[in-house]
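One structure is given here, and the rest of the page talks about it.
Coordinate-derived values only; no laboratory data. Computed from a predicted structure; not experimentally measured. Positions of Cβ are backbone-derived with ideal geometry, glycine not excepted, and every protein chain shown enters the neighbour counts.
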Amino acid sequence: MSKAKLMDYDKALELFEPVLGFEVHVELSTQTKMFSSAPNNFGAEPNTNITPVCLGLPGSLPVVNEQAVRYSISLGLALDCDIAPSSSFARKNYFYPDLAKNYQISQFDEPIAVNGTVEVELPNGRVFHVDIERAHMEEDAGKLTHVGGSTGRIQGAEYSLVDYNRAGVPLVEIVTRMIEGAEHDAPELAKAYVATIRDIVLALGISDAKMERGNLRCDANVSLRPRGSNKLGTRTETKNVNSLRSIERAVRYEIQRQAQILADGGTIVQETRHWHEDTGATSAGRPKSDADDYRYFPEPDLLPVVPSPELIAELKAALPEKPVERRRRLKAEWGFTDLEFQDIDNSGLLTEVAATVAAGASPQAARKWWTGEVARLANAAEVDATSLVTPEQVAELAGLVDEGTLTDRLARQVLESVIAGEGSPKEVVDKQGLAVVSDDGALIEAIDKALSAQPDVLEKIREGKVQAAGAVIGAVMQAMQGKADAARVRELILERASAQ
Amino acid sequence: MSELIHRTAAELATALAEGRASSVEITKAHLDRIEAVDGDVHAFLHVNAEVSLAAAAASDKRRAAGDPLHALDGVPVAIKDVLVTTDMPSTAGSRILEGWMSPYDATPVTKLREAGLVPLGKTNMDEFAMGSSTEHSAYGPTRNPWDLDRIPGGSGGGSAAAVAAFEAPLALGSDTGGSIRQPAHVTGTVGIKPTYGGVSRYGAIALASSLDQIGPVTRNVLDAALLHDVIAGHDRHDSTSLKHEWPSMAEAVRKADVKGLRIGVVSQLDGEGFQPGVLARFHEAIALLEANGAEIVELSLPSLEHAVAAYYLILPAEASSNLAKFDSVRFGLRVAPAGGGTVEQVMSATREAGFGAEVKRRIILGTYALSAGYYDAYYGSAQKVRTLVQRDFAAGFDQVDVIASPTAPTTAWKLGEQLDDPLEMWRGDLATIPANLAGIPGISLPAGLADEDGLPVGIQFLAPAREDARLYNVGGALEQLLVDKWGHTLLSKAPALKGGQR
């Protein structure tokens, strides 16, 4: 795929104002599916988590999952939406082999939640209110695997496999209103918005929210409006954006791509575009028009959802703190400087840091690990940091450093093994025998051996050239295969020098 | 054993209880009858004697151990092919499901099995229940036992013909716009469409979800009530099934009494467009009820004039969506174009080959009615008419306990007569459709034979939602009055079938 010509980002912003809109799909982590008793879990053998309902077998009927309704109401409330006193399901009709009934049960004109707003704080401190048009319940489709082509896409494939395990998994689709005024911050806002939604659903405990698994999916609508014009441009809808960093990149890319086309006198095609993580570019998908005809009509197999005021009140009372409020509170509690906190914001890992602190690590250690080594490894692997390790694992690692079992260097080594799936930090330490040698006797023995090879070092130290100890420390660390606390080795050497 | 096939289900239950007959004997007698006459009638699409006899033997074993599941344990029953079954193919009369075996039983079928009834086989029907003659079955028409050149009604012509031809004492049907009641009307049998939500639709291959309802097809009102009591009740697999404590319908029949009952006669369903013989029997029946203490009230339900038009928008709209799943991907027929093809081409070729003309007609109509720009004019307007029909009935039932009309405008027509005129066939549903639009229960029972052609005529009663017992009351009472007047049941006057032992 040839990469499109891109305009310089700053120049694009000079000429155009970006207008955004997002559709975020959240897979709910209910025990069973939206309309059937089939288990809702990830990673099972294909076509095992299914019932006649998931396959749309003749005669089968859907039944609404009450837990999914509760989760959806909670999410609606957390988005400051009005909860509809009565909402209903509708059928969205289209033929596609991953859609067992060839219609999707969704909500159309009576969604469960409408008119909300989400406060989003950008890393630079700018606060944005993103208006939510609606949040509605629907069922996920199955998963197609295209076999025989080079790209894994349907074009060029010999045949396709269908896995209906995901068919019927409960989804909430959150649709924003048009977002104007983001200007230069548009890509950062996109990322921060999705990160905020992720924080909300994680705090509610209603989704695993793992983007790489598709628990949280974002379609980003981008259009450009020429400066001085009040006419909206043609939008594209970018799909297949599987990480927070991709959202930022994809929005930036679309702004630059569209700006170049418009500046060259071209027109933007209204279409879906697919984000490609490897090339960092989007490619044209299917043309999309507002006239797509899904022949929506009320789902006759289901009754309207009429939540009692008591249920809504109960769920409202149980809402967790809002992400923006939480970050303000955490910043104060942890005593971080603006810079330190920005560090976390930039990484989009506040939830992980907080969970790591909750698991016993010090705020500084939690911050350092997530925004440092874990983020570095995630970047290198081009994945989200959350997909590498859990907060519990990071807290355990930080604890091992604190208690002196590991040096920072050893801890980094342990981290890589943990990421490689070799077990928890403690298990890795045990398995690989990586713990710091804290026995002074063994250290002194190694120091003596090193000193005998460099007899003039002690003399130099006594003369005030303390840095001369470095050579011995190096030799000791080498002899101990890194499993020594360098600071302690240094101490012992200095003690040695002053004792004689 | 020939007399066994002429017994009612209630009589068979007594014979079983008193040890005068075994379920195996009863089942064998009906299988023999099917063997003898079904070549002509073609009420059944599938019969498996081995499976039926095994179920009968199991019933006899329970009975011998003093542990029958239900009064009807061991009584055979025929099942319309619209209900899915694990031990018999389920095709809904369509080529697209030829040979398809369901991995699960429909809830009404499960309830039959749990009560120990013996499934005899699957009965013929218009493809996906679309039709009023059973000529639209992909597997050939069923014939009316009263005249083999005539239609047995539809879509449930198979179930009605099976009980009319004494091939089964009981049958299940489905009624979306009259598919239980109109076949009862033309075959001299009894059919009930329960209140919408009274019987689970789980496992009933959907035609129009908001209209479909499963119900009993029998030769007399008490048998219908007994079967109704077995299949009714809430089902957690069907969100639209009612959580309602149903009274015993059989009890309502046994205590039947029309004294003081207010019966409404609908002016829109009386007179113009109805065959004289049909009207004559209807008016006689009403007079008989009045003579026995019922109060007859004239009613006008003006919205009924638009009911057929509304119905033929709502039904195709829902059907077009319900039938989208028949795409060859997961089950059923698969037709690949020569040399393979894309999934779209395979879906298209399969649906082209697998669906009959009437089904395609309604899918196209429904798809159109739901299309952007047409939705409000067609589907939206139809839903408004539906609301008006519901209001008219609500107002009507303020004045009367039940509403009466002829079940259908004409007696059975000749096979092939209306095949080229779908509109004429659709108009025949005008008396039965309103109950489905309103979600209320209806019964059709024999009212006599039309003078001009000697063919059976039915009378229909409708009641408010959840008041199905009223139908069994008035139906049971009228049946008794008519049988007393005639000195015999209507079906005993049906001509003998070739090969039949009557």
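Placing +1 on the Cβ of every Lys and Arg and -1 on the Cβ of every Asp and Glu, with nothing else charged, gives the protein assembly as shown a dipole about its Cα centre of roughly 720 debye.
Considering only A:360, B:301, B:347, and ranking their Cα positions along the charge dipole of the protein assembly as shown that arises from unit charges at the beta-carbon of Lys, Arg, Asp and Glu, the one farthest toward the positive end is B:347.
Using the Kyte-Doolittle scale, find the helices of chain B whose mean hydropathy is at least 1.0 and whose Cα atoms extend 18 Å or more along the helix's long axis, counting only whole DSSP H runs. Show your work: numbers first, answer last.
On the way: long enough: B:23-41 (26 Å, -0.11); B:49-64 (22 Å, -0.06); B:276-291 (22 Å, 0.84); B:307-322 (22 Å, 0.78); B:357-370 (20 Å, 0.40); B:381-399 (28 Å, -0.48); B:468-486 (27 Å, -0.09).
The qualifying helices: there are none.
Look at the dipole of chain A built from charges on Cβ: of A:304, A:57, A:391, the Cα furthest out on the positive end belongs to A:57. Helical content alone sets the calculated 222 nm signal of the protein assembly as shown at -12000 deg cm²/dmol, taking -39,500 (n - 2.57) per DSSP H segment of four or more residues and averaging over every residue. Where the alpha-carbon atoms of segment B:22-98 are placed on the principal axes, they occupy 44, 26, 19 Å, in descending order.
Only Lys, Arg, Asp and Glu carry charge here, each on its Cβ (+1 for the first two, -1 for the last two); on that basis segment A:322-420 has a dipole of about 280 debye about its Cα centre.
Karplus-based coupling profile of segment B:196-210, in residue order and whole Hz: 4, x, x, 10, 4, 9, 5, x, 8, 4, 6, 9, 10, 4, 7, with θ = phi - 60° in 6.51 cos²θ - 1.76 cosθ + 1.60 and x standing for Gly or Pro.
Across the options B:487, A:479, B:137, the greatest Cα extent toward the positive end of the charge dipole of the protein assembly as shown (unit charges at beta carbon of Lys, Arg, Asp, Glu) belongs to A:479. Determine the distance separating the Cα centre of segment A:172-249 from the Cα centre of segment B:392-437; give it in Å without decimals. A separation of 55 Å, based on Cα centres. Cβ crowding within 10 Å, taken as a proxy for footprinting-reagent exposure, orders A:373, A:427 from fewest neighbours to most as A:427, A:373.
Which whole-number value in Å³ per residue fits the convex hull of the alpha carbons of segment A:440-499?
In segment A:440-499, the Cα hull volume divided by residue count equals 67 Å³.
Computed from Cα atoms, the angle from the helix A:440-453 axis to the main principal axis of chain A rounds to 60 degrees.
Both radii are taken from the alpha-carbon atoms of segment A:322-420; with Rh as the Kirkwood radius, Rg/Rh is 0.96.
Using the structure shown, list the pairs from A:210/A:431; A:33/B:243; B:122/B:498; A:33/A:239; A:426/A:483 with a Cα-Cα distance above 26 Å, or answer none.
On the way: A:210/A:431 29 Å; A:33/B:243 23 Å; B:122/B:498 22 Å; A:33/A:239 24 Å; A:426/A:483 15 Å.
From A:210/A:431; A:33/B:243; B:122/B:498; A:33/A:239; A:426/A:483, over 26 Å: A:210/A:431.
Taken as Cα centroids, segment A:471-500 and segment B:234-300 sit 103 Å apart, rounded to the nearest whole angstrom. Karplus-derived 3J(HN,Hα) values for segment A:158-163, using 6.51 cos²θ - 1.76 cosθ + 1.60 with θ = phi - 60°, are 7, 7, 10, 9, 10, 10 Hz; glycine and proline are entered as x.
For the protein assembly as shown, the percent of C-alpha pairs falling in each 10 Å distance bin, counted from 0 to the bin holding the largest distance, reads 2, 10, 16, 18, 15, 12, 10, 8, 5, 2, 2, 1, 0, 0. Computed about the Cα centre, the dipole magnitude for segment A:130-211 is approximately 300 debye when only Lys and Arg (+1) and Asp and Glu (-1) carry charge, each at its Cβ.
Within 9 Å, Cβ to Cβ, of residue B:408, how many net charges do the neighbouring residues add up to if Lys/Arg are +1 and Asp/Glu are -1?
On the way: positive: B:181; negative: B:429.
Neighbourhood net charge equals 0.
Counting other Cβ atoms within 10 Å as a rough exposure proxy, the listed residues B:82, A:175, A:201, B:217 run A:175, A:201, B:82, B:217 from fewest neighbours to most. The angle between the Cα long axis of helix A:469-479 and the main principal axis of chain A comes to about 70°, on a 0 to 90 degree scale.
Taking amide H positions as modeled 1.01 Å from N, with prolines and chain starts lacking one, the residues under 5 Å from residue A:17 and 5 or more places away or on another chain are A:225, A:227. Return one number: the angle in degrees, 0 to 90 and rounded to the nearest 10, between the long axis of the Cα atoms of helix A:486-499 and the longest principal axis of the Cα atoms of chain A. Between the helix axis and the principal axis of chain A, the angle is about 20 degrees.
Extent along the principal axes, Cα only, for chain B: 64, 54, 45 Å, with the longest axis given first.
Each of A:267, B:134 was scored by other Cβ atoms within 10 Å of its Cβ. Arranged with the fewest first, they read A:267, B:134.
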